[in-house]
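Engineer: Take this structure, written in structure tokens, and hold onto it; I'll ask about it next.
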Amino acid sequence: NLSMGDFLQVVKNEQKVTIKKLTITENLIAEEIRLSNEKRIKIGDSDNLQIYNTATGSFIEGSGSLTVTSNLLTIKNAAKTETLATFTENGSVDLYHDGTKTFETTATGAKVTGSLNITTDLTVNNDLTVNNELNIGPLNNLKIYHESNSGSLIEGSGSLTVTSNLLTIKNAAKTETL
């Protein structure tokens, strides 16, 4: 069954014909299917999937899982002028902010372009690689960084306290305790 709301009007020989219910047993081939707001396309024995439009937005509703298959899925804004996200088969998932890619998955993890603002804790289970400097604290008042001519530096405002049961400082080769 193809539910068209209250009725379906067909024009034949300049005469309007109203159809209350249309049953299609094979294929429907049409250039367009137009439905008024609040009218739904219902699919499935129990209308499990519904596609419709209201005055405030467009909706796809379904019970159970909804699977979209494609080798490249792109989600755009309503005007179709700006990419919001892309999902590439055997490739990356890319997220965009105001038309600029800011997040992408890679074969080895993820890449963030710009700043990553973490509002609670960051847990790193393996190595942490920082290419420029690591800023710690709400005012970035502790900096850890490396300069090629000076070596590694720890810079902070105020006092720097290190607490430990055993503190060992070694040379760069890790062969001598200083």
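The values are calculated or read from the model by the stated rules, or taken from the named source; none is laboratory data. The structure presented is a predicted model; accordingly, all values stated were derived computationally and were not measured. Here the Cβ positions follow ideal geometry from the backbone for every residue, glycine too, while neighbour counts run over all protein chains shown. Just so you know, the surface numbers come from the protein's heavy atoms only, side chains and all, with ligands and any DNA or RNA stripped out. Shrake-Rupley method; radii C 1.70, N 1.55, O 1.52, S 1.80 Å.
Engineer: Under the classification rounded if a/c is under 1.5, otherwise prolate if a/b is larger than b/c and oblate if not, where does region 79-178 fall, given a ≥ b ≥ c as square roots of the Cα gyration tensor eigenvalues?
Structural biologist: Working: a/c = 2.85, a/b = 2.19, b/c = 1.30.
Here region 79-178 falls in the prolate category.
Engineer: Quick check on region 59-98: take the gyration tensor over C-alpha atoms, sort the square-rooted eigenvalues as a ≥ b ≥ c, and tell me if it's rounded (a/c under 1.5), prolate or oblate.
Structural biologist: On the way: a/c = 2.44, a/b = 1.23, b/c = 1.99.
Note, shape of region 59-98 comes out oblate.
Engineer: Rounded, prolate or oblate: pick one for region 139-178, where a ≥ b ≥ c are the square roots of the eigenvalues of its C-alpha gyration tensor, a/c under 1.5 means rounded, and failing that, prolate if a/b is larger than b/c, else oblate.
Structural biologist: Numbers: a/c = 3.45, a/b = 1.21, b/c = 2.85.
Judged from the Cα gyration tensor, region 139-178 comes out oblate (a/c at least 1.5, b/c at or above a/b).
Engineer: Give, as a single signed number, the net charge of other residues whose beta carbon lies under 15 Å from the beta carbon of ASN53, with Lys and Arg counted +1 and Asp and Glu -1. List each step's numbers first, then the result.
Structural biologist: Details: positive: ARG34, LYS39, ARG40, LYS42; negative: GLU32, GLU38, GLU61.
Net charge in that neighbourhood comes out at +1.
Engineer: Oh, and also: Given the whole protein assembly as supplied and a 1.4 Å probe, what does the accessible area of VAL162 come to in Å², nearest 10?
Structural biologist: It works out to around 100 Å².
Engineer: A further question follows. Do any of LYS39/LYS76; LYS80/LYS111; LYS42/LYS111; LYS76/LYS143; LYS39/LYS80; LYS42/LYS101 go past 29 Å between their Cα atoms, and which? Intermediate values should be presented prior to the final figure.
Structural biologist: Values: LYS39/LYS76 24 Å; LYS80/LYS111 26 Å; LYS42/LYS111 40 Å; LYS76/LYS143 40 Å; LYS39/LYS80 24 Å; LYS42/LYS101 36 Å.
Too far apart for the 29 Å limit: LYS42/LYS111; LYS76/LYS143; LYS42/LYS101.
Engineer: Which whole-number percent is the relative contact order of the chain (Cα, under 8 Å, 6+ apart)?
Structural biologist: Details: 204 pairs, mean separation 12.5, N = 178.
Relative contact order of the chain: 7 percent.
Engineer: Based on the Cα coordinates of region 27-152, what is the per residue volume of their convex hull in Å³? Numbers along the way, then the final one.
Structural biologist: Values: hull volume 29.6 nm³, N = 126.
That works out to 235 Å³ per residue.
Engineer: What's the magnitude of the charge dipole for the chain around its Cα centre, counting Lys and Arg as +1 and Asp and Glu as -1 at the beta-carbon? Answer in Debye, nearest 20. Could the numbers behind the result be given before it?
Structural biologist: Details: 15 positive and 20 negative charges, 93 e Å.
Computed charge dipole of the chain: roughly 440 debye.
Engineer: I want to check the label-to-label distance for THR25 and SER157. Put each point 7 Å from Cα in the C-beta direction and report it in nm to one decimal.
Structural biologist: Going from the THR25 label point to the SER157 one covers 8.1 nm.
Engineer: Report, please, the projected area of region 29-69 averaged over directions, based on the convex hull of its C-alpha atoms, in nm².
Structural biologist: Numbers: hull surface 16.5 nm².
The orientation-averaged projected area of the Cα hull of region 29-69 comes to 4.1 nm².
Engineer: Which one, THR105, HIS146, VAL93, projects farthest toward the positive side of the charge dipole computed for region 88-178 from Cβ point charges (K/R +1, D/E -1)?
Structural biologist: Most positive-ward Cα: HIS146.
Engineer: Follow-up. Calculate, for the chain, the solvent-accessible area per residue in square angstrom, rolling a 1.4 angstrom probe over the heavy atoms of the protein chains. Kindly include the intermediate steps, with their values, before the conclusion.
Structural biologist: Values: 15650 Å² over 178 residues.
Ligands and nucleic acids excluded, the result is 88 Å² per residue.
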